[in-house]
1. Residue by residue through region 103-113, which ³J(HN,Hα) values in whole Hz follow from phi under the Karplus form 6.51 cos²θ - 1.76 cosθ + 1.60 (θ = phi - 60°), with glycine and proline marked x?
2. For region 85-205, what ratio Rg/Rh do Cα atoms give with a Kirkwood hydrodynamic radius?
3. Taking only Cα atoms of region 111-166, what ratio of Rg to Rh do you get with Rh as the Kirkwood inverse-distance radius?
4. Can you give the local net charge around ARG205? Use residues other than it whose beta-carbon is closer than 13 angstrom to its beta-carbon, Lys and Arg +1, Asp and Glu -1.
5. Whose amide H sits under 5 Å from the amide H of VAL132, counting only residues 5 or more places off or on another chain, with H placed in the peptide plane?
6. Based on the alpha carbon coordinates of region 68-133, what radius of gyration and maximum Cα-Cα distance (Dmax) apply, in Å?
7. What is the spread of the Cα atoms of region 138-223 along each of their three principal axes, largest first, in whole Å?
8. Alpha carbon centre of region 82-118 versus region 136-203: separation in Å?
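Where a number appears in this text, it was derived from the coordinates with a stated rule and is not lab data. For clarity, every value in this text was computed on a predicted model and none was experimentally measured. Note: ideal-geometry Cβ built from the backbone for every residue, glycine included; neighbour counts use all protein chains shown.
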Amino acid sequence: MWEIKLSLALGLMGIGTLLCAQSPESSVAAAPSERPSLLSTPSSIVAINPLPAGVSAPAGYILSANDQIAVEVFGEDDLRTNGRLNAEGNFSVPLLGSIHLAGMTLTQAAAKLTELYGRDYLVNPRVNVMLVGYAHRRFTMLGQVNRPGSYELPEGAQDGIDILEAVAMAGGYTRIAAPERISVRRRKPNGGEEVMRVDAKRLARTAGQNFVVRAGDTVTVGESLF
């Protein structure tokens, strides 16, 4: 009889040990090592629609067709956008649609967008317009230069470059070039054209004088007659 009681007691002790191993206190203690920590994955936190880096625009820079800009509305991440002005100088903006920005400074463009957003959509909006990339402004070198072709104006050269610099970009004069006989063909704002004669030989000898080659110009270096 005592053997049966002993077996029963040992069985009850085993059940109690098993229950203690699975007690709530044990599961709570193990939880911290199993629960993922938000602090351990900072890389999962990213900016929404990050804007590209801007370029350093000259003071009073005037926007023109094909300039690339970024527009940010503070506190409204969904309204961030960037792209190029189209050939007509318009830029597509969220909610507002196509807005003409060519001919304005960055400050003026921001003021216009602020006014339009505040008129119908936002309360006291704050808009920033940033220049991301200049328009592709090109000129053409023909005639007696070593590398005739189309060249892009350097960034920041909003008004153009000196004609001697333009010649240098095209590899300099050939041996039969006539620097005093250069013609520059330029489009007028009204759609016509004008042709100007430039004596680059004289300009090279005269300090403080130059001729500016602008975007769209076609420069032709003449050939020496001797």
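1. Whole-Hz 3J(HN,Hα) from phi for region 103-113: x, 10, 6, 4, 5, 5, 5, 5, 5, 5, 5.
2. Working: Rg = 20.7 Å, Rh = 17.8 Å.
With Rh from the inverse mean 1/r over Cα pairs, Rg/Rh is 1.16.
3. 1.33
4. Working: positive: LYS201, ARG202; negative: GLU180, ASP199.
Once all neighbours under 13 Å are counted, the net charge is 0.
5. VAL55, GLN68, ILE69, ALA70
6. 10.8, 32
7. The principal-axis extents, from largest down, are 36, 26, 23 Å.
8. When both Cα centres are located, 33 Å separates them.
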